[in-house]
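A short worksheet on the structure shown next.
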Amino acid sequence: SQQGEEDPQALSIQEGENATMNCSYKTSINNLQWYRQNSGRGLVHLILIRSNEREKHSGRLRVTLDTSKKSSSLLITASRAADTASYFCATALRGGGTSYGKLTFGQGTILTVHP
Amino acid sequence: SAVISQKPSRDICQRGTSLTIQCQVDSQVTMMFWYRQQPGQSLTLIATANQGSEATYESGFVIDKFPISRPNLTFSTLTVSNMSPEDSSIYLCSAGGGGTNEQFFGPGTRLTVL
């Protein structure tokens, strides 16, 4: 089954509004990372939250993690047209061996911010 | 953070040919990975590129189709062999990760197979 499901699949908002994207996963994780991708280009790393952390901030970004519900959310405050992109969550499984370092990606949320 | 470059950035290839994609990291890293992103889809891990040993492939990916080299701690190549139109995707390499470390990605190689 897919590790890392995101909702909504698409989100359309006006500039200045807040955007919230959610990610759910199924197994125990070491950390969860959020990425942005513009128009099919490379991924830009936004933020990493460890399994023992509940909330993390970076500029206009706020990420929460609820390990009991196996879910995370990414909040972008005061959105700008330049925030228009696809956003992905990715989970790194707990444990070592052959799983170490591998990321499993969610399906992503396409965010459109209208000027 | 690691800075990762990939070559080529894009290519259009004929069916049955092969393409080698290069990935260069600006610092020594233990872990490097190769991902595929099919059109309109998310990323899927192809393999872990291990320095000094064979790559470790995920289910559904085989060495004959996607041979990988990792000659040192800053460089890796992925070859897409005997290509078909179904191989048209963006191929991305990444470095880092493991434990509580961020994993950074290259800009990707957009491959179109005719």
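Within a Cβ distance under 10 Å of residue A:80, other residues only, what is the Lys/Arg minus Asp/Glu net charge? Could the numbers behind the result be given before it?
Details: positive: A:60; negative: A:15, A:83.
With Lys, Arg at +1 and Asp, Glu at -1, the net is -1.
Normalise the Cα radius of gyration of the range A:15-61 by 2.2 N^0.38 Å (N = residues in it) and let me know the number.
Numbers: Rg = 12.6 Å, N = 47, 2.2 N^0.38 = 9.5 Å.
Compactness ratio reported: 1.33.
I'd like the mean, over residues of A:42-50, of how many other protein chain beta carbons sit within 10 Å of each residue's own Cβ.
Values: counts 14, 11, 2, 8, 1, 1, 5, 1, 2.
Mean shielding count: 5.
Set the Förster distance to 30 Å, then compute FRET efficiency between residue B:13 and residue B:59 from the Cβ-Cβ distance, nearest 0.05. Display every interim value, and only then the final one.
Working: r = 26 Å, r/R0 = 0.85.
Step by step, r from the Cβ atoms, then E = 0.70.
Express the accessible area of chain B per residue in Å², computed with a 1.4 Å probe while the remaining protein chains stay in the model. Intermediate results must be reported in sequence, preceding the final value.
Details: 5220 Å² over 114 residues.
I get 46 Å² per residue for chain B.
Hey, got the average number of other protein chain Cβ atoms within 10 angstrom for residues in A:27-33? Before the final figure, lay out the partial values.
Numbers: counts 0, 0, 0, 5, 7, 0, 4.
For peptide A:27-33, the averaged partner shielding equals 2.
Need one value for B:35-44: mean number of C-beta atoms belonging to other chains within 10 Å of its residues' C-beta atoms. Write out the running numbers ahead of the final one.
Details: counts 3, 0, 6, 0, 1, 5, 3, 13, 10, 2.
What the average comes to for B:35-44 is 4.
Can I get the semi-axes of chain B's equivalent ellipsoid? Compute them from the C-alpha gyration tensor as square roots of 5 times the eigenvalues, in angstrom, largest first.
Values: eigenvalues 99, 41, 34 Å².
Whole-Å semi-axes of the equivalent ellipsoid: 22, 14, 13.
State, to one decimal in nm, how far the label point of residue A:41 lies from the label point of residue A:61, with both points 7 Å from Cα in the Cβ direction.
For the pair residue A:41/residue A:61, the computed spacing is 1.6 nm.
Between residue A:52 and residue A:7, what is the FRET efficiency for a Förster distance of 25 Å, r being their Cβ-Cβ separation, to the nearest 0.05? Working shown, then result.
On the way: r = 25 Å, r/R0 = 1.00.
It comes to 0.50.
Nearest 0.05, what FRET efficiency do residue A:75 and residue B:5 give at R0 = 30 Å with Cβ-Cβ as r?
Details: r = 32 Å, r/R0 = 1.06.
Given R0 = 30 Å and the Cβ-Cβ separation, E is 0.40.
In the protein assembly as shown, which cysteines lack any other cysteine Cβ under 4.7 Å from their own?
Cysteines lacking a close Cβ partner in the protein assembly as shown: B:13.
Just subtract the alpha-carbon distance of residue B:72 and residue B:24 from 0.36 nm times their residue separation and send over the number in nm, one decimal.
Numbers: separation 48, 0.36 × 48 = 17.28 nm, distance 1.02 nm.
Length gained between residue B:72 and residue B:24: 16.3 nm.
If you only keep lysine pairs separated by 8 or more in sequence, or across chains, how many in the protein assembly as shown come under 17 Å at the Cα atoms?
Working: A:26/A:69; A:26/A:70; A:26/A:102; A:56/A:70.
The number of close lysine pairs in the protein assembly as shown is 4.
I'd like the interface area for chains B and A: accessible area of each alone minus the complex, both sides summed, 1.4 Å probe, protein heavy atoms only. What is it in Å² to the nearest 100? Kindly include the intermediate steps, with their values, before the conclusion.
Details: alone 6090 and 6200 Å², together 10560 Å².
Roughly 1700 Å² of accessible surface disappears when B and A pair.
Per the 1.4 Å probe, what fraction of the accessible area of chain B, in percent, lies on carbon and sulfur atoms?
Numbers: 2470 of 5220 Å².
Solvent-exposed carbon and sulfur of chain B make up 47 percent of the total.
Output the Cα-based Rg and Dmax of the protein assembly as shown in Å, rounding Rg to one decimal and Dmax to a whole number.
When restricted to the Cα atoms of the protein assembly as shown, Rg and Dmax are 17.4, 51 Å.
Counting only C-alpha contacts under 8 Å and six or more residues apart, can you give the relative contact order of chain B as a whole percent?
Values: 288 pairs, mean separation 42.1, N = 114.
This gives 37 percent for chain B.
With just the Cα atoms defining each centre, how far is the range A:30-102 from the range B:75-92? Give it in Å.
After rounding, the separation between the Cα centres reads 27 Å.
The values are calculated or read from the model by the stated rules, or taken from the named source; none is laboratory data. What you see is a predicted model; the values in this text were computed from it and never measured. Positions of Cβ are backbone-derived with ideal geometry, glycine not excepted, and every protein chain shown enters the neighbour counts. Surface accessibility is based on the protein's heavy atoms, side chains included, excluding ligands, DNA and RNA. Shrake-Rupley method; radii C 1.70, N 1.55, O 1.52, S 1.80 Å.
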